[in-house]
Every structure is written in structure tokens, then in C-alpha cells.
Amino acid sequence: MELRHLRYFVAVAEELGFARAARRLHVAQPALSKQIHDLEAELGVALFARLPRGVRLTRAGEAFLTEARNTLDGAARAVVSARTASEYRASTLHFAHGELSLYATTIEGLLATFRDAYPEVQLQVSSETDAEVYRALRERTVDVAIVFLARWPVAGFGAHRLIDCATTGVLLPASHPLAAKPSVRLPELQTLTWLQSASQRWPGFLQVFEEALQDRGLLPQRRRERSKDAPSHNLLIAAGEAWALASEAVAAPYRTGSHAIVYRPFVEPPIPCWLALVWLPEASAAVQQLIDAARRSGLAVEDADDSARPPETGEALARRPPPTPTTRARAARPRSPKARTR
């Protein structure tokens, strides 16, 4: 049994299918199937129940998955220990990023600030999909990554939120009747086609958005997936065929500069989202230096609930960043009578 067998097994277990796991691992499906068959033969147990579409773990497979992950984590830690023992690794920060959308310029500034402050640290940058970023972090082939988050905090990782990217409104065809209103209610979009990103673009986000829309009274009857070749284009909206969710940053060019598409805020609470640095616990000194550089650059999202904090001085208040869409919305919500009497 080799580490390769464990990586293949974990991929199939997480993807619940050989085809998806093969694409993730960049190997041929028959070769992957043979490796799993050989592993099951060596163990003498079936790890997967083969279904008409995909697979599911057996009880033996569930038990083996826990230990396989522990083994891979241990191997990754051994790699890190060996690398950090060398002078080269000690002076290198391996930084990975997923799709940065409209925030690439801001992150470019952060990396430039970091290099100016810590010239002795060699910065190595790689581009990955968001799914690959988390795998690279677990395998410790990168030290820190920047990704979009839909939930906070991040289970199993340390994280520092850089930017509040909350979804606050929608993009609509300028000719649609709803475009004449200053704001919209999400249930009013029930019969329109929702232009959504592919689930692979930001893993986990589609489910979060679906749940958030349903919580806000909208269950889209029609939807259409954005093109993988041009995931940011809004041509279908301009053609009058769809609507899309939008953050303040996405909305900016449509507030005054477009005659085909308009941005309208929705009256329901914003849908949370952040751009954040993510790392495994016990961050290295270089990772902490990057976090410090981000704070000095004003890239920090504070928690909305400050009730547990001691009173701040005027100087401390002056240093606080301005309120974000998410914190403004939370602060504006009326408190319950019970809360007001405290």
C-alpha cells in the first residue's frame, strides 16, 4: 500500500464517484478503478458500494477514510518538517489564490506591501481553483491561500477576513418593469431566470445561495448556468433573459455607466460573503507577517457583535474600519424587547 492509494481512495470518497475523482486527480478512470480494486483486495474488505450513479462508502470505508486522512496529514506534516529545516523553506511563503474576481488589484497591493515590509521572505504565488486550494493547504504544499468564504468561521482552518463581499442586490435588464423601482423584494423575481455561477467555480457557494434565497422567500423557478468560458459576462441579462445576484463591487459599473443593465438593492438582509486569507492552524511566522501586512493596509473585517469588547478610546475608534454592508445590515436590525432591557 502506498500513499498514492490513500490519495485515490480519499478523492473517490469525497467526490462519491470514480469519474469526478479521476478528473480531480488528472488520471484515467480505468486506472483509478484498478487502484481502488487493488486496495480493497489488499485490505480484504469492500470500501465502496457501487451504485447505478456513483458510489457510497461502506462502514469499512467510513472507518478507513478517517485513518487515511490522518495518514496523509501526517505525511504532509513530515514534508513540511523537512522543508522548514532548510534555510530556503524558512525564508519562503507559498501563497495560493483562487479566482479573485474584481479584487485582484487589491490583492496585488497587499503582496507588494508584504514584499516591501519583509524583503527577506521569498514569495511564491500559484493559481488554483478553490477546491484545489483547500487540498493544497491540507497537503501543506502551500502555506496560505486567499479564497471567497460563504460561512464564518472556517472549520479546521485559521482565517482572516480581508473584504466584505456581501451580496446586497441584483442585476436586472434595464427594460424590465422591476428596474423602475428603487429596490426590489427577492420574491418578485420568482418567475425570472436566475443566471448563476457553475457549482465548480466556487465549491459550496451555490448551495449557500440557494438556501439564502429560500430563507428570504425566493425559490427560483428557472435558472441558467453561466458560461465556463466567460463566467463574469452578463450578456444574457442585457438581452432581457435573466437576473443575477450582485455585491456592491459588482454593482459599481451598473449604477451609472450602463443603459442595458441596472443594479437594484433588495430589501432583505444581505447574503454574507468575504474574501479571506486561509491557513492551517499554527501559522508560520511568514503567514503571520502577511496577516499583519493586511491589517496595516486596512484589509480587515471586524465582527459585527462588539458587545463583549471593552469600551474603546477615541484613538482606537478612529482606527476602526468603516462599516461594511453586512455589519450595517446587522446593526440596523431591531433588537428584541428582551435584548433592549439588558
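Please specify each residue of the stretch 1-13 satisfying the condition of being surrounded by fewer than 14 Cβ atoms within 10 Å (Cβ to Cβ), part of a helix (DSSP H, G or I) and of a type outside the set (Lys, Arg).
Within the stretch 1-13, Leu3 is the sole residue that qualifies.
Hey, does the stretch 36-58 have a residue that's within 22 Å of Arg140 (Cβ to Cβ), in contact with a helix residue (DSSP H, G or I) (Cβ under 8 Å, 6 or more places away or on another chain) and among the aromatic types (Phe, Trp, Tyr)?
no
Within the stretch 241-259, can you find the residues that are assigned to a helix (DSSP H, G or I) and open to solvent by less than 10 Å² (accessible area, probe 1.4 Å)?
Ala251
Can you name the residue in the stretch 109-133 that is at pLDDT 90 or above and charged (D, E, K, R) and is also most open to solvent (accessible area, probe 1.4 Å) among such residues?
Residue satisfying both the conditions and the ranking: Arg115.
How many residues does the stretch 135-147 contain that are in contact (Cβ under 8 Å) with a residue 24 or more places away in the chain, at negative phi and open to solvent by 20 Å² or more (accessible area, probe 1.4 Å)?
Final tally of qualifying residues: 4.
Take Thr106 and decide whether it is modelled with pLDDT of 90 or more, surrounded by 13 or more Cβ atoms within 10 Å (Cβ to Cβ) and farther than 18 Å from Arg7 by Cβ.
So Thr106 fits the description; yes.
Considering only residues that are surrounded by 13 or more Cβ atoms within 10 Å (Cβ to Cβ) and not hydrophobic (A, V, I, L, M, F, W, C), which ones fall in the stretch 14-36?
Glu14, Glu15, Gly17, Arg20, Arg23, Arg24, Gln29, Ser33, Gln35 - these are the residues of the stretch 14-36 that are surrounded by 13 or more Cβ atoms within 10 Å (Cβ to Cβ) and not hydrophobic (A, V, I, L, M, F, W, C).
Return the residues of the stretch 194-234 that are at pLDDT 85 or above and of a type in the set (A, V, I, L, M); say none if nothing qualifies.
Scanning the stretch 194-234 gives Leu195, Val208, Ala212, Leu213, Leu218, Leu219.
Quick one: in the stretch 148-167, of everything that is in contact with a helix residue (DSSP H, G or I) (Cβ under 9 Å, 6 or more places away or on another chain) and in a strand (DSSP E or B), which residue is nearest to Val133 (Cα to Cα)?
Ranking the qualifying residues of the stretch 148-167, first place goes to Phe148.
One line per residue, one yes/no per condition, for (1) closer than 29 Å to Asp116 by Cβ; (2) at pLDDT 95 or above; (3) surrounded by fewer than 17 Cβ atoms within 10 Å (Cβ to Cβ):
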| site | (1), (2), (3) |
| --- | --- |
| Ile261 | no, no, no |
| Ala283 | yes, no, no |
| Arg309 | no, no, yes |
| Ala318 | yes, no, yes |
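Residues being closer than 29 Å to Ile237 by Cβ, hydrophobic (A, V, I, L, M, F, W, C) and open to solvent by 20 Å² or more (accessible area, probe 1.4 Å): count how many of those fall in the stretch 151-177.
2
Find the strands (runs of 3 or more DSSP E) located wholly in the stretch 18-101 whose residues include 3 or more that are modelled with pLDDT of 90 or more and over 30 Å from Val287 (Cβ atoms), and list them. So that I can check it myself, show each step before the final result.
On the way: elements: 48-50, 55-57, 92-97.
So the answer is none; nothing clears 3.
To keep it simple, each residue is scored yes or no on (1) closer than 20 Å to Pro272 by Cα; (2) among the charged types (D, E, K, R); (3) touching a Cys at 6+ places or on another chain (Cβ under 9 Å).
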residue: Ser126; (1), (2), (3): no, no, no
residue: Leu137; (1), (2), (3): no, no, no
residue: Ile163; (1), (2), (3): yes, no, no
residue: Ala166; (1), (2), (3): yes, no, yes
residue: Leu171; (1), (2), (3): yes, no, no
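Just give me the residues in the stretch 134-177 being at pLDDT 90 or above, hydroxyl-bearing (Ser, Thr, Tyr) and over 30 Å from Ser258 (Cα atoms), in sequence order.
Passing the criteria: only Thr141.
The values are calculated or read from the model by the stated rules, or taken from the named source; none is laboratory data. Predicted model only: the values in this text are computed from it and were never measured. Positions of Cβ are generated from backbone atoms using ideal geometry, with glycine treated the same way; all protein chains shown enter the neighbour counts. Quick note on the areas: whole protein, heavy atoms, side chains included, nothing else; ligands and nucleic acids left out. Shrake-Rupley method; radii C 1.70, N 1.55, O 1.52, S 1.80 Å.
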